[in-house]
Every structure is written in structure tokens, then in C-alpha cells.
Amino acid sequence: MTGVPDIPGGQASGKTLTEHPEQALLPDDLTTALEQTIRQKRGAVGPAIDDQQAHASGHSHGRGKPVSIFAAIASGLVNYLLMFGLCCAYGMIMFGEANARHRALAVKMNMCTSWTVGLALAAFCNIRVAIGGPDLTPIVFIAGFIAEMSKDIAQQLQLEYPVAQLSSASAHEDNHASEWCVGAHAEAHFAECADYHEQLRSTVVFAVAVSSAALGLLFFLSGRFNFTRYASYVPTCVMEAFLSCVGYKVFKYALYFCNHDVKQFAPAAMIGVPLYFVKAYHVGNPALVIPLMLFIPLAIFYVVVFSSGKTLEHESISEWMFPRMENVEFWAVWEWSIGSPSKINFKAWLKTMPLLAVYLVVCFLDCVLKVLGTESKLPVKVDKDRELQIFGLSNLLTAFSGSSVGYMQLKFNMINAGILGTAHDRRGGLVYGVLSAVTWFWTIEHFNFLPRFFLSTLLFFAGAG
């Protein structure tokens with residue numbers, strides 16, 4: 001299941017290796033061989049492992065020579081840029097057009113998860129190249145929570161909530177949604193609209209905090225009482241089928257971000273989907289290939305815009321950009337939850353209980369699959385129970401800050417290991433976590449320079465596998 005070959009000499013295969021933490025890595029010779037394969041296939045920035053020098057210097061535990069600090073910085077920066085773009089996309093998914101004013105809050109909530117879980121895994125995870133952060137699967141469920149609560153709060157306040165969908169046939173409904181509690185509608189229902197947004201904001205923070213706390217507790221107890229072993233009995237095809245459905249919905253969001261405009265979503269799909277396969281099959285050096293594939297189209301876009309003498313506010317260019325997003329201070333999440341407990345609508349929150357139950361099961365299995373995937377793709381043996389406990393404890397921070405749940409991200413683990421050329425260096429994850437923290441404490445307004453097709457590209461990348 002792990003894809004690790006049997007160990008010469010009659011030892012057990014990678015599937016039955018001891019689970020003791022102190023023996024969490026594969027034997028030295030196999031680990032070193034696999035690390036060399038990673039370096040050769042991915043063109044890593046870091047220096048190649050020299051077995052003779054490693055043994056001669058006494059560092060023969062499969063770790064090789066230290067990775068260049070420049071490789072660590074490059075890995076952290078690439079992973080941060082990808083995650084920041086995805087966090088922006090996740091924020092857009094969480095709040096639809098009718099609630100677009102809260103998208104900056106959602107982006108900050110996801111960035112908080114990036115740095116808290118990211119730094120926790122970089123510091124304590126046995127998988128040293130682990131990158132933690134928010135995941136697409138929980139975000140899709142949280143979007144469902146918010147949609148359900150929005151309709152219920154509006155109904156309680158006797159407001160007619162707009163029904164917006166993701167298909168191109170819903171253009172009329174989306175226009176209605178963007179005008180809801182804005183302009184003339186807000187003037188006609190001033191008190192109700194103001195109360196609606198205050199209740200929704202506080203209830204969403206509360207609901208997300210509870211969902212993160214519940215899933216974090218499930219992670220910790222599963223690891224503490226060795227329940228992760230039972231996850232392997234769930235047929236992989238069942239989970240893959242469900243996650244494929246999530247990917248399909250993400251593709252619909254990618255089209256929605258581009259306003260179903262073929263001039264925008266066609267290049268996004270032609271970049272995002274191949275980018276996934278480039279990552280999956282280790283084509284080239286990920287420190288160069290991924291930024292080039294993402295930022296060359298972005299550079300071309302800006303060259304065309306500014307060479308034509310136009311600005312981003314020009315009418316012909318504005319359709320390629322999202323509405324401007326103002327920064328929300330990091331302390332706002334507490335100001336709008338703990339600071340406004342009377343605005344939490346528990347009746348609306350209780351409407352999400354059936355979906356919350358499904359969320360817990362699916363997200364737990366998704367997390368375990370990512371751990372198993374990391375074990376099969378990197379030269380490490382994972383103590384799954386210990387890692388789940390770390391995920392659980394790190395999500396105490398996300399719950400306290402009203403942020404979405406976070407756990408290990410398989411795609412990012414592979415990118416980090418590919419750039420570093422080793423599975424045994426924490427610095428890439430630490431750089432990523434620090435950059436995410438700076439963004440959370442400072443500002444997210446660089447989002448306003450990202451055109452629609454860029455975030456759509458990232459969704460095609462995330463949904464492809």
C-alpha cells in the first residue's frame with residue numbers, strides 16, 4: 001500500500017515496519033538511495049548526497065550533507081506563494097456574492113491556519129518536510145455551512161435571500177446576489193441588513209471554530225487510542241471517488257471565478273491541470289518550473305495591460321480582476337466573535353449539524369489519506385498515531401483563532417522535498433510558516449494584484465488530484 005519495496009535480507013516490507021518513533025525512518029541504505037532518486041528526478045536546488053563523505057564525516061543516518069539555506073528559502077517562498085493564492089481562493093469559495101464583504105475575513109482565517117499549523121508541523125512533525133495548512137475539502141464543507149446559515153438568518157430577519165449557483169445559467173441570480181443588502185436594497189432594509197451581516201459574521205467565526213475544535217479533538221483521540229489503523233479498512237476507491245466529486249465542484253468554482261469567460265478559464269485550465277501533472281511526475285526542478293508556469297502568464301498579463309497605457313481600474317481590464325478587497329486586522333476575528341457573543345445565531349448554527357457530521361468523517365479520512373500518501377511517496381516511515389496527535393494539538397490554535405482546520409498537505413510536502421532534495425530538512429516549512437504569519441499579522445491586500453484567471457489556475461491545480 002505504501003509503495004515501499006521490501007528490504008533486502010528478509011526484513012519486513014515498508015508496510016509492516018515497526019511503528020516505534022525512534023525507528024520511524026527506513027534503513028540508511030534504502031533512505032539514501034531514494035533521496036538520491038528524488039534529487040535526480042526533481043533537479044533539486046540543494047546539493048546531492050555524497051555517501052562516502054557522509055560516512056566519513058560520521059553523518060550516515062540517511063540525512064546527507066546540510067541543504068543550502070537558499071534551497072530552504074526557495075522552497076518556503078514557493079510553498080507560501082501557492083498557499084497564499086489558495087487561501088484567497090478559499091476565502092472566495094467560503095463567502096458567495098451575497099456575502100462578498102466578508103471574504104477578507106475568510107482569507108485571514110485561512111492564512112492563520114497556514115502559519116499556526118505550518119509552524120507546528122515544521123517544528124514537531126516526524127516528517128520534516130511536512131507543510132501544514134488549510135485544505136480544499138474542509139473549505140467546501142465550510143462553504144456549505146455558511147450557505148445554510150445565511151439562508152436561515154435571512155429568513156429569521158424576514159429578508160428574501162438570493163439563490164446563487166455556480167452555473168453560467170445563473171447570471172441573473174448572481175447579479176441579484178451582488179446587489180443584495182447593497183445600494184437601494186440596503187437603504188430599504190437598513191436595520192435588517194446591518195443585523196444580518198453582524199449575525200452572519202459572528203456565527204461563521206463560531207461555527208468554524210467549533211468545527212476545527214471537533215476535528216482537532218477527533219485527530220488527537222484517534223492518535224492517542226490508535227484508531228488510525230481502522231482507517232485503512234475504508235476502500236481507497238470510495239474515498240477517491242468522493243474526493244473526485246470535490247474536485248469536480250472545485251472546477252466549477254474555477255469557471256465561476258472567471259465569470260465563465262472562455263478567454264479567462266481556457267488559459268487557466270491549460271496551465272493549472274498540466275501544473276499538477278508536472279508536480280506529480282517530478283518534471284524538472286520544482287523551484288523553477290512551478291514559479292515559471294504560474295508567473296510567466298501573470299507577467300504577460302501585466303505587460304499587455306501597462307503597455308496599452310491602461311490601468312487595472314480601466315473598464316476593459318476590471319472584468320479580469322476581482323472587486324477590491326480591503327484588509328481586515330488579525331484581531332477582528334476575536335472582536336466579531338468573543339467580543340460580540342450576542343450576535344452568534346445558535347439557531348442558524350444548529351441547522352448545520354447534519355453537514356457537520358459528514359464533514360468530520362470525510363475530513364478525517366482525507367487527512368489520513370494524505371499521511372498515507374506522504375508515506376508512499378517519500379523515503380520515510382510515518383508513525384500515523386503520533387502525527388494525528390500533532391494535528392489535533394495544532395488545531396487547538398486554529399479553533400482558538402476561529403480559523404479553518406488544518407493538516408498536512410501532500411502536494412506541498414512533495415514540492416518541499418523536491419526543492420530541498422531531501423525528506424529530512426525542516427527549514428523550508430519554517431520559512432513558509434514565517435511568511436504566512438507575516439501576511440496574517442500585516443496585510444492581504446496584495447490579493448488585489450491577482451487576476452481572476454490566476455486564482456482559477458490554482459483551483460484547477462488543486463482540483464486535478
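Quick notes on this one:
- A straight line joining the Cα centroids of the stretch 96-137 and the stretch 356-371 runs 16 Å.
- Phi-derived couplings, Karplus 6.51 cos²θ - 1.76 cosθ + 1.60 at θ = phi - 60°, listed residue by residue for the stretch 426-436: 8, 5, x, x, 5, 4, 4, x, 5, 4, 5 Hz, with x used for Gly and Pro.
- Largest to smallest accessible area among V273, V163, V129 [probe 1.4 Å]: V163, V273, V129
- Taking every protein chain into account, the accessible area of the stretch 105-159 amounts to 23 square angstrom per residue (probe 1.4 Å).
- Accessible solvent surface per residue of the stretch 234-337, calculated while the other protein chains remain in place, 1.4 angstrom probe, Å²: 55 Å²
- Solvent accessible area, Å² - K108, 1.4 Å probe, full protein context: 10 Å²
- Backbone geometry of the stretch 94-109 corresponds, through the Karplus equation with coefficients 6.51, -1.76 and 1.60 at θ = phi - 60°, to 3J(HN,Hα) couplings of 4, 10, x, 4, 5, 10, 4, 5, 9, 5, 4, 4, 5, 4, 5, 4 Hz, x marking Gly and Pro.
- Accessible surface of the stretch 279-378 [probe 1.4 Å, protein heavy atoms]: carbon and sulfur percent: 69 percent
- Computed from backbone phi with θ = phi - 60° and the Karplus coefficients 6.51, -1.76 and 1.60, the 3J(HN,Hα) list for the stretch 394-401 is 5, 7, 4, 5, 5, 5, 5, 9 Hz; x is used for glycine and proline.
- Accessible surface ranking that places the most exposed of R324, R103, R229 first, with a 1.4 angstrom probe: R324, R229, R103
- Packing rank of 195-202, 293-300, 218-225, 389-396, where each peptide gets the mean count of other beta carbons within 10 Å, highest leading: 389-396, 195-202, 218-225, 293-300
- Placed amide H near M321: partners under 5 Å, 5+ positions off or other chain: R452
- Probe 1.4 Å, accessible area per residue of the stretch 343-463, Å²: 29 Å²
- Restriction of the GluC sites (Glu not before Pro) in the stretch 309-416 to DSSP coil positions whose beta-carbon has at most 14 other beta-carbons within 10 angstrom yields E313, E319, E326, E329.
The values are calculated or read from the model by the stated rules, or taken from the named source; none is laboratory data. Keep in mind the model is a prediction, meaning the values are calculated, not measured. Virtual Cβ from ideal backbone geometry, glycine too; neighbours counted across all protein chains shown. For the accessible areas, the whole protein counts, side chains as well, though only heavy atoms, and no ligand, DNA or RNA atoms are used. Shrake-Rupley method; radii C 1.70, N 1.55, O 1.52, S 1.80 Å.
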